[in-house]
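Have a look at the structure below before the remarks.
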């Protein structure tokens, strides 16, 4: 069931982060062959941006030891953006050497979380953005650099995070060379009014460099928060198939927004995603095969599509 004609451009970009954010948050390591099959299924479902891995030392995250090999496989699919997370310049060098199309960096607005996650202060991470943007400019100017402002809506380690500090760090990342800067609800503490307010302020602060919403469903508000972000102009949304993942340095913050539920919400509203829901449901099979016993979430896959359902046509 294709949600749109090939000539109809998606109104939102669903950026699938499961192969990175999901896999690095579970104890088991998915075999490389299963990762390849999972990525193939995600592409077949119509996802056009996939965060396939992170370039970090294998001693710290053995789940990502095959990062370069996974990137090489993902690059065999034309028409998709292959993205990788990097925590520092060394990771960026490896990602560029592997041939990624886009690099994303976690830049926390919480000092406590930043030190736990990347062992640097937020301002030191801004300097990493600057160094990576410079490396990109020299070696691969076509590659995009994204900064994701972690703990933008609150931190389980620090508590409240000042919105002014979030915006200061976001503006600094944009000035340092990031092509876009998004906001991440790393700890699942956001609510819709806060999401609307902070994304409005982000757009006012950095204009068209305001980027993706990376929201979690830890307290059941993931979809509500995505809708709030949509209401104020956000058009790129991170999500994870089956809701896999969280942050290992934010205690209790499990639960990325479920890709299947997010796509269903937008398609039912007439907001085209370019994603085929039946094929998206099928993409859970290689995920389950590669991580047997790992719980997967999602209300839409469990309930199925409504009888006679088809995406709401655009007005």
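The figures follow:
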item: Options 229, 253; residue that is at pLDDT below 95 and in contact with a strand residue (DSSP E or B) (Cβ under 9 Å, 6 or more places away or on another chain); result: 253
item: Residue within region 140-162 that is at pLDDT 95 or above and assigned to a helix (DSSP H, G or I) present; result: no
item: Residue check for residue 245: farther than 22 Å from residue 172 by Cβ, touching a strand residue (DSSP E or B) at 6+ places or on another chain (Cβ under 7 Å) and either touching a residue at least 12 places away in the same chain (Cβ under 8 Å) or part of a helix (DSSP H, G or I) (or both); result: yes
item: Which listed residue is touching a helix residue (DSSP H, G or I) at 6+ places or on another chain (Cβ under 9 Å) and not in a helix (DSSP H, G or I), from 103, 132; result: 103
item: Hits in region 9-32 - residues which are in contact with a helix residue (DSSP H, G or I) (Cβ under 8 Å, 6 or more places away or on another chain), within 17 Å of residue 284 (Cβ to Cβ) and assigned to a helix (DSSP H, G or I); result: 18, 19, 22, 23
item: Within region 227-241, considering residues that are in a helix (DSSP H, G or I) and in contact with a helix residue (DSSP H, G or I) (Cβ under 6 Å, 6 or more places away or on another chain), the one surrounded by the most Cβ atoms within 10 Å (Cβ to Cβ); result: 241
item: Selected residue (criterion: surrounded by the fewest Cβ atoms within 10 Å (Cβ to Cβ)) from residues of region 261-305 that are over 18 Å from residue 42 (Cα atoms) and out of contact with any helix residue (DSSP H, G or I) (no Cβ under 9 Å at 6 or more places or on another chain); result: 293
item: Number of positions in region 129-153 that are under 28 Å from residue 197 (Cβ atoms) and touching a strand residue (DSSP E or B) at 6+ places or on another chain (Cβ under 7 Å); result: 10
item: Qualifying residue in region 46-60 (condition: part of a helix (DSSP H, G or I), touching a strand residue (DSSP E or B) at 6+ places or on another chain (Cβ under 6 Å) and over 22 Å from residue 93 (Cα atoms)); result: no
item: Near pairs, Cβ below 7 angstrom, 6+ apart or cross-chain, from region 276-302 (on the phi > 0 side of the Ramachandran plot and at pLDDT 95 or above) to any residue that is assigned to a helix (DSSP H, G or I) and buried (at least 20 other Cβ atoms within 10 Å of the Cβ); result: none
item: Count of residues meeting criterion [part of a helix (DSSP H, G or I) and over 11 Å from residue 143 (Cβ atoms)] in region 86-97; result: 6
item: Test: residue in region 155-167 that is over 21 Å from residue 90 (Cα atoms), touching a residue at least 60 places away in the same chain (Cβ under 8 Å) and buried (at least 24 other Cβ atoms within 10 Å of the Cβ); result: yes
item: Count of region 95-115 residues which are surrounded by fewer than 24 Cβ atoms within 10 Å (Cβ to Cβ), over 22 Å from residue 171 (Cβ atoms) and touching a strand residue (DSSP E or B) at 6+ places or on another chain (Cβ under 8 Å); result: 4
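The values are calculated or read from the model by the stated rules, or taken from the named source; none is laboratory data. Keep in mind that what you see is a predicted model, and the values were worked out from it rather than measured. Heads up, the Cβs are rebuilt from the backbone with ideal geometry, glycines too, and the neighbour counts pull from every protein chain shown.
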